Amino acid sequence: MTATMTAVVTVGTGGFEMLELQQVPIPVPGTGEVRVRVLAAGVNNTEINTRLGWYSASVTNSTSDTASDAARADAAVHRPDGGWNDATPWPLIQGTDCCGIVDELGAGVDPSLRGRRVIIRACMRSDGWGSLENVWMASDFDGAFAEYVKVPASEVFPVDCDWSDAELGAIPCAYGTAENMIRRAGVSQGDRVLVTGASGGTGSASVQLARRRGAHVVAMASIQKFDAVRRLGAHEVIERGTIPHPQSFDVVVDNVAGPGFSVALDSVARGGRYVSSGAIAGPIVDLDMRTFYLRDIHMIGCTAWDEPVFPDLVGYIERGEIRPLIAKTFPLTEIVRAQQEFLTKAHVGKFVLIP
């Protein structure tokens, strides 16, 4: 008989009813692949967005509003362009973050990987580093909301540290995305950097990673989260909805967008950089082109992670230069409760699922 494992299978586009706890075959690694026994898997906006079909051009509102619409709907809305790379291959095991133990090797894989605790690089440059084409674990193929996951051996990174499994499971998506933005924006010593949505996974990672480079970090968050965001390393914290002084930042890291986009862009100094990899408050924004071009602003979009990003993160972890904040852990079987609570945005840091 085929051995099975417990997994959360997302069966299509829609609300929480699309998340089904199932027994499915344990994956078998092929040539050049490894199987990882999942120890911890972080919760991210992207899993919710993919389930909702939020990446479709037909969706114009925020993640939370789209989730509310899905909860009220009588039936799922099919969105063939709703995934990272157009169509999502439903049914799908989601889970973009993974900390786990390599427990099985495919042909041609370095035997020293067996038994190592690893994190998985979720963004994979499918056509090589010279192309921006990319595929994502849990959006384009099965991910880590399960007891086991298989991936190319090139995408697992052993980490030697004293962190908990939950802490390592919080790293890949949020910190990979944040490091990619900080790197592409060229954040360096002395830069004034504004981070919107600073209490979330990617926002809190951006605060730490910009501070690590010697930038002066101003974090935007709701007032009840100020103390926690300061502990993450922000030099200053300003209340969400505050209008910063125009042209006051060298870099703005903005994964919120929505109605606040024009204010964020207006705060970029002449010749400065605006960088984004998300739009949780809404993807459709008002852009005054004169602000953009008269000030020589660089606008940088980030999805495909660059080659140094993940190896560098492992180095930061092993040298003790960063550490995530775990807001809460949940059993994998309580994924619906975890995502419901996640959408309230009352937490600071990361939620993590434990199989």
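The values are calculated or read from the model by the stated rules, or taken from the named source; none is laboratory data. Predicted model, so just to flag it, every value in this text is computed and none were measured. Cβ atoms come from the backbone with ideal geometry, glycine included; neighbour counts cover every protein chain shown.
Points to keep in mind about this one:
- Hits in the stretch 318-333 (condition: part of a helix (DSSP H, G or I) and either exposed (fewer than 15 other Cβ atoms within 10 Å of the Cβ) or among the hydroxyl-bearing types (Ser, Thr, Tyr) (or both)): Glu318, Thr333
- Test: residue in the stretch 258-268 that is among the acidic types (Asp, Glu) and under 30 Å from Leu19 (Cα atoms): no
- Count - residues of the stretch 26-65 that are closer than 21 Å to Ser154 by Cβ and not β-branched (Val, Ile, Thr): 9
- Residues (small (Gly, Ala, Ser) and under 18 Å from the mean Cα position of the chain (by Cα)) located in the stretch 18-55: Ala40, Ala41, Gly42, Gly53
- Any hit, the stretch 126-141, residues being assigned by TED's automatic domain parsing to the domain that holds Arg37 and more than 25 Å from Cys302 (Cα to Cα): no
- Failed item in (1) free of Cβ contacts under 8 Å to residues at least 24 places away in the same chain; (2) surrounded by 24 or more Cβ atoms within 10 Å (Cβ to Cβ), with Ala219 passing the rest: (1)
- Near pairs, Cβ below 8 angstrom, 6+ apart or cross-chain, from the stretch 105-124 (among the basic types (Lys, Arg)) to any residue that is part of a loop (DSSP other than H, G, I, E, B): Arg117/Val159; Arg121/Trp305
- Qualifying residue in the stretch 270-283 (condition: over 20 Å from the mean Cα position of the chain (by Cα), farther than 17 Å from Gly203 by Cβ and loosely packed, with under 13 Cβ neighbours inside 10 Å): yes
- Where strands (runs of 3 or more DSSP E) sit wholly within the stretch 148-219, those with at least 3 residues that are more than 13 Å from the chain's Cα centre (by Cα) and within 22 Å of Pro244 (Cα to Cα) occupy 192-195.
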